[in-house]
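Written below as structure tokens is the structure these notes are about.
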Amino acid sequence: MNKINSNNNVTALANDKRKKIMKRYLATAITCGIVAVCMVPVLADSEAETAINNMSNIIFGIIRAIGVILSGWGLVQVGMSFQSHDPSQRSQGFLCLAGGLIIVFAKSILTAIAPGVFG
């Protein structure tokens, strides 16, 4: 008689596991179905896209201007370091110049990395 009760307990535990797995599966399937049905395509208006592109051009123009100013300051530091024979100022000047050039060409770099996103 003990064997029958232990088999029933094992069967009951197995049924509980099956029920839990089935509940999780159904919850996941229903969620995926709701997400698939409720997705609505967004059709952007060409005027909105033009406005966003104009804003992007303005922002990248400001960033480019900052890069030019930073590059100019780097050139000034390099020139002053040659005059005063200061190697630490020379290295700072070259770093500032390189950083400024990277900032100037940021849009081109981003376009090369992710074509179609920034242009």
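The residue pairs whose first member lies in region 95-108 and is in contact (Cβ under 8 Å) with a residue 40 or more places away in the chain, whose second member is charged (D, E, K, R) and surrounded by 14 or more Cβ atoms within 10 Å (Cβ to Cβ), and whose beta carbons are closer than 7 Å, counting only pairs six or more residues apart or on different chains, are Val104/Arg64. Would you mind stating whether Ile30 is farther than 24 Å from Ser108 by Cα, hydrophobic (A, V, I, L, M, F, W, C) and either surrounded by 10 or more Cβ atoms within 10 Å (Cβ to Cβ) or touching a strand residue (DSSP E or B) at 6+ places or on another chain (Cβ under 8 Å) (or both)? Taking the combined requirement at face value, the residue satisfies it.
Every number in this text was worked out from the coordinates using simple rules, so none of it is lab data. Predicted model only: the values in this text are computed from it and were never measured. Quick reminder, even Gly has a Cβ in these numbers, built from the backbone with ideal geometry, and neighbours come from all protein chains shown.
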